[in-house]
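The values are calculated or read from the model by the stated rules, or taken from the named source; none is laboratory data. Just so we're clear, the structure is a prediction, and the values are computed from it rather than from any experiment. Virtual Cβ from ideal backbone geometry, glycine too; neighbours counted across all protein chains shown.
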Amino acid sequence: MKLLQAAQLIAGWRRPAHRPVSFTLGRGEILALAGPNGAGKSTLLAVLAGSGARVFSGDIFRAPNLRIGFQTQYLPPVAGVPLSGAELLALTGASPEGLPEPLAVCARRRLDKLSGGQRQYLALWAILQAPADLLLLDEPGNHLDKAGLASLPSVLRARAAQGAGIVLVSHDAELARACCDCLLSMEACND
Amino acid sequence: MIDFLPQLALFWRPCLTGALLALLLSLLGLYLRLRREYWAALAYGQLGAAGALGALALGLPHITGGLAFSLAVAGMKHWLEKCLPAEGLFPLFFIFGWSLGLLLTANLPGVERLGAALFEGQLYFAGIEMLCGAALALALGAFFLWRTGRFLLLARLFPAHFHAQGLPAWPVRAGFDLLAAASLALAVMSLGVMGAFALVFIPPWLAFAFAPGWRAALAVAPVLALFAYALAFVLALIYDQPFGPTLALVLGALALSGAVALRFAGRAEGGE
């Protein structure tokens, strides 16, 4: 089933950020957006999420009643906030089932007492396991430790197997190769 | 020393009014702190005071004037955020409210007493209408926060996900602003500007420092607020002091005790 389609799409904030892109994403598929810094990958994600960025030309099709989960590169601002990992997951409706064992234990502690990597993994898990048909992930491997990075492809695959479509932005070519069905190379619009 | 017991019976209405407001303000303060908007407590309080004085000068009920003025400014906040840097908005509201309030007090005959009472806190004069207002505000506020608390947290911690999910934005913007403005304007009429601010600021600050999670913070802040409020009420009655400054002083002492405890807790944790 088709979840998302872009046809000759150009997105941007004040001006076009990238050259036209076209793709189709179905349930259970993972699409990676690759390209150098400034190629418009995060901007394209923002447009697909419907949050702020403008469509300059082309079309987007989203399946009706599409539930979207959107992870940005920014860590949730939890410094000083009394929020446990379990409460963070509950916020998005994510299930803690399947969390790697050390993180499952950490989830009972306050987030600001955890390491940056643990926090990032829990924040990523909160979006990844949220009830959603389409997941938009911007550099999900950022701040993760070796073990977290190693487990990421299987976690993404498992989520796709549950029926979610995933679009991810990553500079990590290995991650893209390990889990993506399709790779879209993007170029900045220099016009 | 025990003379205050009959007084306590005499002042049950003010006592209950303040207790209800203490609960409401401490809960509200948690979300204001989460949004880094605790300046709002001073801003809406001052605006409420200025509105009340203006209404009295015009021969209108001061509670209505305070609520209306504070709500009107809160309603404009979203629009003003587009024109001005967001971090300066509440200090600006505070400055306007403070200057308007003092100018009205200085220039209009008949409002000085109310002006002084608003800054000191006039809890002992709270009548049945203020008690009903506080009860209604607590009921509405608690219901609103119970229904939208998750959205307020989500919008703060995962703003992009919140928007992508298409969740209703008005409760976390205008809805919360209006609740904060109305609650603070109402609280200022009985607790005074600094008393209300201290209740919004200090119990949530301690709850943020000590609570192991959000649900615990939702319990810790109101308990601390009620404890400090009850102590201040009794002390103000025994020593015949104005209530607002007494409450602010008790809360300030509580904050200092908390800071010391936090320092020792930090040392103990570091030493493990």
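Does B:A219 meet the test of being exposed (fewer than 15 other Cβ atoms within 10 Å of the Cβ) and within 20 Å of the chain's Cα centre (by Cα)? The answer is yes for B:A219.
For the stretch B:46-63, check the following and say yes or no: at least one residue is out of contact with any Phe, Trp or Tyr (no Cβ under 6 Å at 6 or more places or on another chain), over 17 Å from B:A196 (Cβ atoms) and β-branched (V, I, T). No. Every condition in (1) under 30 Å from A:P64 (Cβ atoms); (2) in contact (Cβ under 8 Å) with a residue 12 or more places away in the chain; (3) outside any loop (DSSP other than H, G, I, E, B) holds for B:A160 except the one numbered (2). A residue that is at pLDDT below 90 and more than 22 Å from A:V81 (Cα to Cα) occurs nowhere in the stretch B:256-266. I'd like to check something: does the stretch A:115-135 contain any residue that is within 12 Å of chain B (Cβ to nearest Cβ), over 12 Å from the mean Cα position of the chain (by Cα), under 24 Å from A:L25 (Cβ atoms) and of a type outside the set (V, I, T)? Looking through the stretch A:115-135, at least one residue is within 12 Å of chain B (Cβ to nearest Cβ), over 12 Å from the mean Cα position of the chain (by Cα), under 24 Å from A:L25 (Cβ atoms) and of a type outside the set (V, I, T).
Give me a count of the residues in the stretch A:87-110 that are at the interface with chain B (Cβ under 9 Å from one of its Cβ atoms) and either in a loop (DSSP other than H, G, I, E, B) or over 19 Å from A:L156 (Cβ atoms) (or both). Even if it seems obvious, please write down each step before you answer.
Step one: filter the stretch A:87-110 for residues at the interface with chain B (Cβ under 9 Å from one of its Cβ atoms), giving A:87-88, A:90-92, A:108-110.
Checking the rest, the ones that are also either in a loop (DSSP other than H, G, I, E, B) or over 19 Å from A:L156 (Cβ atoms) (or both) come to A:87-88, A:90-91, A:108-110.
Number of matching residues: 7.
Of the residues making up the stretch A:16-63, those that are small (G, A, S), within 16 Å of the chain's Cα centre (by Cα) and within 14 Å of chain B (Cβ to nearest Cβ) are A:S42, A:A46, A:A49, A:G50, A:S51.
When each of A:E174, A:E97, A:E187, A:E87 is tested for being on the phi < 0 side of the Ramachandran plot and modelled with pLDDT of 90 or more, the lone residue that passes is A:E87. Of all residues in the stretch A:56-83, those that are over 13 Å from B:A160 (Cα atoms) have Cβ atoms under 6 Å from Cβ atoms of residues that are of a type in the set (V, I, T), 6 or more apart or on another chain, in A:F56/A:I10; A:S57/A:I10; A:G58/A:I10. Residues of the stretch B:19-39 that are in contact (Cβ under 8 Å) with a residue 24 or more places away in the chain and more than 23 Å from B:A126 (Cβ to Cβ): B:L30, B:Y31, B:L32, B:R33, B:L34, B:R35, B:E37, B:Y38, B:W39. Summed over the stretch B:151-171, residues that are facing chain A (nearest Cβ under 8 Å) and either within 26 Å of the chain's Cα centre (by Cα) or within 14 Å of A:L88 (Cβ to Cβ) (or both) total 6.
Working only within the stretch A:105-138, note down all residues that are aromatic (F, W, Y) and in contact with a helix residue (DSSP H, G or I) (Cβ under 6 Å, 6 or more places away or on another chain).
In the first step, residues of the stretch A:105-138 are kept if they are aromatic (F, W, Y); the result is A:121, A:125.
Within the stretch A:105-138, just A:Y121 meets the criteria.
When the residues of the stretch A:20-60 are filtered to those that are outside any strand (DSSP E or B) and hydroxyl-bearing (S, T, Y), the one that is surrounded by the most Cβ atoms within 10 Å (Cβ to Cβ) is A:T43. Count of the stretch A:1-19 residues, restricted to those that are assigned to a loop (DSSP other than H, G, I, E, B) and either surrounded by fewer than 16 Cβ atoms within 10 Å (Cβ to Cβ) or in contact with a helix residue (DSSP H, G or I) (Cβ under 6 Å, 6 or more places away or on another chain) (or both), is 5. Among the candidates B:L103, B:L60, B:L118, B:L89, the residue that is in a helix (DSSP H, G or I) and either over 18 Å from the mean Cα position of the chain (by Cα) or at pLDDT 90 or above (or both) is uniquely B:L103.
Just to verify a result, which residue in the stretch B:38-88, among those that are charged (D, E, K, R) and in contact with a Leu (Cβ under 8 Å, 6 or more places away or on another chain), is farthest from B:F176 (Cα to Cα)? Please lay out each step first, then the result.
Applying the first criterion (charged (D, E, K, R)) to the stretch B:38-88 yields B:77, B:81-82, B:87.
Among the residues that remain, those that are also in contact with a Leu (Cβ under 8 Å, 6 or more places away or on another chain) are: B:77, B:81.
Working: B:K77: 11, B:E81: 15 Å.
In this case the residue turns out to be B:E81.
In the stretch A:70-86, of all residues being in a loop (DSSP other than H, G, I, E, B) and in contact with a Ser or Thr (Cβ under 8 Å, 6 or more places away or on another chain), the one that is nearest to the other protein chains (Cβ to nearest Cβ) corresponds to A:T72.
Assess whether B:L224 counts as being within 26 Å of B:G66 (Cα to Cα), more than 10 Å from chain A (Cβ to nearest Cβ) and not basic (K, R). Quick ask: steps written out before the conclusion?
Values: within 26 Å of B:G66 (Cα to Cα): no; more than 10 Å from chain A (Cβ to nearest Cβ): yes; not basic (K, R): yes.
Taking the combined requirement at face value, the residue does not satisfy it.
Given the structure, is B:L100 of a type outside the set (S, T, N, Q) and either surrounded by 14 or more Cβ atoms within 10 Å (Cβ to Cβ) or in contact with an Asp or Glu (Cβ under 7 Å, 6 or more places away or on another chain) (or both)? Judged against the criteria, B:L100 is a match. The residues on offer are B:F197, B:F243, B:F233, B:F208, and the sole one that is in contact (Cβ under 8 Å) with a residue 24 or more places away in the chain, surrounded by fewer than 22 Cβ atoms within 10 Å (Cβ to Cβ) and among the aromatic types (F, W, Y) is B:F208.
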